[in-house]
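The values are calculated or read from the model by the stated rules, or taken from the named source; none is laboratory data. All values reported here derive from a predicted model rather than from experimental measurement. With ideal geometry, Cβ positions are generated from the backbone for all residues, glycine too; neighbour counts draw on all protein chains shown.
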Amino acid sequence: MVSVVKSNISHDQGFSMARICEECGESFKTKIKIDGVKKNIRHRKKCLECQPFGFKPKPKGRQREPPEQVRKRSQRYYDKNGHKIAERRYCRKSSVIQICGGGCQICGYSKCISGLAWHHLSDKDFGVSAKMFQRVPSTPLNEILKCILVCHNCHSEIHTGMVRDDVIKNCIKI
């Protein structure tokens, strides 16, 4: 805590405030001249001897890394823990698929969860992918509520127009 001391200084400055340095405990004026320019240093916590004018204290906490270092660090983490990440994505996807009925809502395919995809019916905010399962759980669930679960074959047929709209509308909405 920085303490403030009121003092009367007789030369040109009139009433001035003095502060107590956090580091050395000495009092220092809050209004001074540096290179002929009046400076107000009332917000300083340390005197000019402990912290010279123009030198900022080192910021606390972790410094922001350049993007290239962040990518390298992320890649090292993924190289080390990739199998855990893939397993977590697989578990999250399989649990959501079980909630959605366990298989394709058109043909019933359920042999391999990698062969299943979500087809957006409306208002696509972002794609539903494996990376999406790393987000906060409520985010993918809100997006999946706008979809139907289909196998990749049926998904392709929907986009080429081979599956009629009434068949899609009759699918169980999640």
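Being farther than 30 Å from N170 by Cβ, modelled with pLDDT of 85 or more and among the aromatic types (F, W, Y) is not true of Y109. Any residue in segment 95-109 that's of a type outside the set (D, E, K, R) and crowded, with 19+ Cβ neighbours inside 10 Å: show its pairings with residues that are in a helix (DSSP H, G or I) and at pLDDT 85 or above at Cβ separation under 7 Å, as long as the two are six or more apart or on different chains. Correct list of pairs: C104/C154; I106/C154. Scoring H120 on the criteria (1) modelled with pLDDT of 85 or more; (2) touching a strand residue (DSSP E or B) at 6+ places or on another chain (Cβ under 6 Å); (3) of a type outside the set (A, V, I, L, M) leaves a single failure, condition (1).
Residues checked against (1) touching a Lys or Arg at 6+ places or on another chain (Cβ under 6 Å); (2) closer than 26 Å to N142 by Cα:
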{"residue": "I20", "(1), (2)": "no, no"}
{"residue": "E23", "(1), (2)": "yes, no"}
{"residue": "V37", "(1), (2)": "no, no"}
{"residue": "E65", "(1), (2)": "no, no"}
{"residue": "Q75", "(1), (2)": "no, no"}
{"residue": "I85", "(1), (2)": "no, yes"}
{"residue": "R88", "(1), (2)": "no, yes"}
{"residue": "G103", "(1), (2)": "no, yes"}
{"residue": "K111", "(1), (2)": "no, yes"}
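Taken over segment 86-111, residues that are acidic (D, E) and part of a loop (DSSP other than H, G, I, E, B) amount to 0. Among the residues of segment 43-68, which ones are part of a helix (DSSP H, G or I) and modelled with pLDDT under 90? Passing the criteria: only P67.
Residues that are surrounded by 15 or more Cβ atoms within 10 Å (Cβ to Cβ) and either at pLDDT 70 or above or within 20 Å of K169 (Cβ to Cβ) (or both) within segment 129-144 comprise E143, I144, listed in sequence order.
Taken together, the criteria place S74 among residues that are farther than 30 Å from L149 by Cα, in a helix (DSSP H, G or I) and out of contact with any Gly (no Cβ under 8 Å at 6 or more places or on another chain).
State the number of residues belonging to segment 66-94 that are free of Cβ contacts under 8 Å to residues at least 24 places away in the same chain and of a type in the set (K, R). Qualifying residue count, segment 66-94: 6.
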